[in-house]
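Enquirer: First, the structure itself, so that you have it in front of you.
Taken together, the values in this text are just the output of simple stated rules run on the coordinates, not laboratory data. Just so it is clear, the structure is predicted and the values come from calculations on it, not from any experiment.
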Amino acid sequence: MNLRILHEQLVKRIKQYAGDARENRQVYLRLSQLLPDRLKSLSNSHRSQGLRPAEAERAASASDEFVMHIDEVVQVGAASREARIQYETHMMLVDARRSLRGRKS
């Protein structure tokens, strides 16, 4: 982070990171809710191939497609956390500057 960033640019970045964090968090929550449905769908697909329920669920949970779904959830969650950390870090810079200005007065 550039500690010498202009205040206007800092405020702009704070708003951007806050929006990104909020959007990614919403997508993350929705994808997390969909994960059991995706597993069930894959399991049903394997059952239609003649596998017993337990075998179908194991095959579905080990499938490349399900692993891709999990990776998607993890990536969106990480992006959400990264944006939140950036938001909080930039807010700390604003608070630090305010604090320093208060001391100079």
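Enquirer: Enumerate the whole-percent occupancy of each 5 Å bin, from 0 to the last occupied one, for all C-alpha pair distances of the chain.
Expert: Result, from short to long distances: 2, 12, 15, 13, 11, 9, 8, 7, 6, 5, 4, 3, 2, 1, 0, 0 percent.
Enquirer: Using helices alone, I'd like the mean residue ellipticity at 222 nm for the chain: each DSSP H run of four-plus residues gives -39500 (n - 2.57), total over residue count, nearest 500.
Expert: -31500 deg cm²/dmol
Enquirer: Pick from 63, 48, 32: which residue has the top mean-square fluctuation in a GNM of the chain where Cα pairs under 10 Å get a spring?
Expert: Of 63, 48, 32, the Gaussian network model singles out 48 as fluctuating most.
Enquirer: Rg and Dmax in Å for the range 1-58, alpha carbons only: what are they?
Expert: Answer for the range 1-58, Rg first and Dmax second: 21.7, 64 Å.
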